[in-house]
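What follows is one structure encoded as structure tokens, with my remarks underneath.
Computed from the coordinates by the stated procedures, all read-outs in this text should not be read as laboratory data. Bear in mind that the values here come from a model prediction, so they are computed numbers and not experimental data. Virtual Cβ from ideal backbone geometry, glycine too; neighbours counted across all protein chains shown.
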Amino acid sequence: MNTMQSLTDRKKVVSKKEMTFMEKLYLPAIIGGMWITFKHLFRKNNTVKYPEQTREFAPVYRGQHVLKRDEEGRENCTACGLCAVACPAEAITMVAAERVKGEENLYREEKYAEKYEINMLRCIFCGLCEEACPKEAIFLTDRIVPSNFERDEFVYVKDRLVEQMDNRIDITKRQHTGKRSKI
Ligand code: SF4
Ligand code: SF4
């Protein structure tokens, strides 16, 4: 038979030797395992009790998105769709609408996102939507997307994305270029 030659030299021939009397007792192996467990009781714990405790995040951590408002409280997003096009996971979708007279205090641009959705189950938090946005409207924050049992709950609509006027979200700490909005 023509056997293929291995490309690596990592193969190991396993011997099937008879177990000794002590090995057949299994006791030394059990005691050895328990000794390892016992030693770990006195070692420093590397885990934290999330969610009661959290670790400090890196300044560039990318978490839940926010749709920003400008200084006057108007939504920055103009529903151009560039974030959706840039998104490699196709997590973003939106419906654009024309701003009508009297809505100038709500939307900064003449066109705005009537609907805007991000599917957090699809999102890989790469930040490309933030990079693509010409209006400094979408940013990733240091907030964690909470877990849920229902898939629908992971589709975030404007209610959960647009920042509240009385709860502005500071994204300046994780912007290193200094060219972003100061709010
Ligand atoms: S962070 Fe990346 S994957 Fe998530 S919505 Fe933005 S572009 Fe898409
Ligand atoms: S968030 Fe930015 S890129 Fe996305 S639709 Fe709005 S303005 Fe365009």
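Between Val162 and Leu67, the built amide H atoms are under 5 Å apart, and every one of these is 5 or more places off in sequence or on another chain. For the chain, taking Cα atoms only, Rg and Dmax work out to 27.2, 91 Å respectively. In the structure shown, the pairs Lys101/Lys158; Lys12/Lys39; Lys68/Lys115; Lys135/Lys173; Lys49/Lys173; Lys115/Lys173 are assessed against 24 Å; a Cα-Cα span above that value is assigned to Lys12/Lys39; Lys49/Lys173; Lys115/Lys173. Applying 1/(1 + (r/R0)^6) with r as the Cβ-Cβ distance of Ala96 and Thr172 and R0 = 35 angstrom yields a FRET efficiency of 0.80. Annotation for the stretch 1-52 versus the stretch 69-104: alpha-carbon center distance of 55 Å. When only Cα pairs below 8 angstrom with a gap of at least 6 residues are kept, the stretch 65-174 shows a relative contact order of 33 percent. Panel order for Leu67, Leu27, Leu106, by other beta carbons found within 10 Å of each beta carbon, from fewest to most: Leu27, Leu106, Leu67.
Would any residue of the stretch 99-120 have its amide N under 17 Å from a label point 7 Å out along Cα→Cβ of Met165? List them or say none. What the label zone holds, given the 17 Å backbone N cut-off, is 102-109.
In a DSSP loop and with at most 14 other Cβ atoms within 10 Å, the GluC sites (Glu not before Pro) in the stretch 18-102 are Glu18, Glu52, Glu56, Glu71, Glu72, Glu90.
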